[in-house]
Amino acid sequence: MREKKNPNSAERLYKFFIYLVLIMLAVSIIIPVAWVFMASIKQNKEFYGNPWTLPKGFYFQNFIDAWNTAKMGDYMLNSVLVTALALVILLIVALPAAYCLSRFKFKGSKFLNAAFMGGLFINVNYIVVPIFLMLRDGDNWLKSVIGKSFLLNNLVILAIVYAATALPFTIYLLSGYFSTLAHDYEEAAYIDGAGYSTTMWKIIFPMAKPSIITVILFNFLSFWNEYIISMTLMIIKSDAGTAVSSTVWNYVCRTCNSNASYINFIYMCSE
């Protein structure tokens, strides 16, 4: 029998380096999460005394106060609703658009592809104030016409803004995947009598499940962790906020001069 060759030193060093990096990455993630959890079960005097010491006991009243007094349950529900609605709007718009741009050649298709590609280079944080001013002007016009306004402090409008800002990345990713699928599947469906929409929904979209799931995961994390847009569009007239993240950000902004100046600017624009 042939003796099994032992891996050489280079392979061992490579594996050691990989495991070392993975362990360091795991530690960098676990330690902050563990510290936050331990801080959450401490009483106030323990935390303000020395935040690095171990808790003396499990103070569950903190979670009750956060859920009832601070209304974290309401904020979390708002986050779930806005995120889910934004994902639905995004998929309804992005899936057909990406399919058409990647599978059909028509007048203006190159320009649209270039426009969506250009949208990848626009940072949302740079356009949040123009978005706010546009919605504020729209609210003022609605007040003069129908006597009511609903563009600001509206969860549905916030979800639409989220979906609109995520369109370039989503269409770019889906178009790239759709373009790799063979046209034979569509041609076979056309021969069987299927139309364009039937082929899109029953043939192409099921084959593109990996890319669709990837888009959902990326955008879910982006919408759930978003601060700036929700802070700007939702806390102008209401201190309740729209989500847990917005509420925490609002609290931070009330205690920091630099962030407070941003809120004062938004408030003056809303006057």
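List of remarks:
- Residues in region 166-220 that are closer than 30 Å to residue 127 by Cβ, more than 22 Å from the chain's Cα centre (by Cα) and part of a helix (DSSP H, G or I): 178 only.
- Test for residue 136: is it in contact (Cβ under 8 Å) with a residue 24 or more places away in the chain and over 22 Å from residue 86 (Cβ atoms): no
- Residue in region 35-57 that is without any contact (Cβ under 8 Å) to a residue 24 or more places away in the chain, in contact with a Phe, Trp or Tyr (Cβ under 7 Å, 6 or more places away or on another chain) and over 30 Å from residue 230 (Cβ atoms) present: yes
- In region 85-138, the residues that are closer than 16 Å to residue 161 by Cα and of a type in the set (Gly, Ala, Ser): 86, 94, 119, 138
- Total residues in region 14-60, condition in a helix (DSSP H, G or I), under 30 Å from residue 73 (Cβ atoms) and more than 31 Å from the chain's Cα centre (by Cα): 6
- Residues located in region 145-171, provided they are surrounded by fewer than 20 Cβ atoms within 10 Å (Cβ to Cβ) and either basic (Lys, Arg) or within 30 Å of residue 103 (Cβ to Cβ) (or both): 148, 160, 164, 167, 168, 169
- Pairs, first under 25 Å from residue 116 (Cα atoms) in region 145-171, second in a loop (DSSP other than H, G, I, E, B) and β-branched (Val, Ile, Thr), C-beta under 8 Å, six or more apart: 158/242; 168/122
- Residue in region 118-130 that is among the β-branched types (Val, Ile, Thr), modelled with pLDDT of 90 or more and surrounded by 16 or more Cβ atoms within 10 Å (Cβ to Cβ) present: no
- Evaluated against (1) surrounded by 15 or more Cβ atoms within 10 Å (Cβ to Cβ); (2) acidic (Asp, Glu); (3) farther than 23 Å from residue 160 by Cβ, residue 65 falls short on exactly one condition, (1).
- Filter result for residue 78 (more than 24 Å from the chain's Cα centre (by Cα) and among the polar types (S, T, N, Q)): no
The values are calculated or read from the model by the stated rules, or taken from the named source; none is laboratory data. In this text, all values refer to a predicted model and were calculated from it rather than measured experimentally. Here Cβ is always computed from backbone atoms with ideal geometry, including for glycine, and neighbour counts include all displayed protein chains.
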